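Novice: Have a look at the structure that comes next, please.
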Amino acid sequence: MSNTLAVATVTEALRQQIAQSLAPDIPFAVDVAARKPPTDPPAEPTITVFLYQVTPNASLRNMDAPTRAADGTVLTRPSTALDLHYLISFYGDEAELVPQRLLGCVVRTLHENPVLSKAMIEAAAEQPYLQGTDLADAPQRVRFTPTALDIDDTSKLWGMLYQNNTPYALSLIYQGIAVMIDGRSTPVEPKPVKTRTVHAVPEAG
């Protein structure tokens, strides 16, 4: 369970994981940015990590229901489970196949280390804009899995981006499963159950 900084923390942790995985296979500097694909594709080696969709996690969405008693008393802290969908795009000199080389590194990294470790999350939390995140203490770790989009879904995704003058780029889709965000309500301690003692009194003879 974690607070409202959880989603942003996952994005930054993923960005850092990708950036740190490129050496020694990539012998040149690469800009790894958490942003949507650029409208003007950069000539320099670049990887963008874009959170383009967030959906409820189907298997965890009802874990906390019901959270209140009939009188409105909070029984359990409400939480919501989310899956994060990332578009990871690659840019660079096509003549030297830079985008494909970058893609290969990312595929290997997320296959070898698909789960965000506590250390990765704590490193991401050092960013000043993520101070106060408590994702590292969450019992459930976020796991990244590749997602295969068919031609129709791929066309819809890039068609949406192209409406903002963003041209297609070599890309991967990964899904982060799952992020739990806690509500702010504090559960009320249940009142102790009163016990009734029954004594048997023998009849007078």
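Novice: In debye to the nearest 20, how big a dipole does the range 6-182 give about its Cα centre with +1 on each Lys and Arg Cβ and -1 on each Asp and Glu Cβ?
Specialist: 400 debye
Novice: Roughly what would the spin-label model give for Met160 and Asp25, points 7 Å off Cα along C-beta, in nm?
Specialist: Output for this residue pair reads 2.9 nm.
Novice: Please report the net charge: other residues with Cβ closer than 12 Å to the Cβ of Leu51, K and R +1, D and E -1.
Specialist: So the environment of Leu51 carries a net charge of +1.
Novice: Explain nothing, just the number: relative contact order of the range 6-182, from Cα pairs under 8 Å at least 6 residues apart, as a whole percent.
Specialist: Value for the range 6-182: 30 percent.
Novice: Karplus couplings for the range 134-145 from phi (6.51 cos²θ - 1.76 cosθ + 1.60, θ = phi - 60°), rounded to Hz, Gly and Pro as x?
Specialist: Result, ordered by residue: 10, 4, 4, 8, 5, x, 9, 8, 7, 10, 9, 10 Hz.
Novice: Based on the alpha-carbon gyration tensor of the range 6-182 and its eigenvalue square roots a ≥ b ≥ c, which shape applies: rounded if a/c is under 1.5, prolate if not and a/b is larger than b/c, or oblate?
Specialist: Here the range 6-182 falls in the prolate category.
Here, each number is a calculation from the coordinates, and none is a lab measurement. Just so we're clear, the structure is a prediction, and the values are computed from it rather than from any experiment. Every residue, glycine as well, gets a Cβ built from its backbone with ideal geometry; the counts of neighbours run over all protein chains shown.
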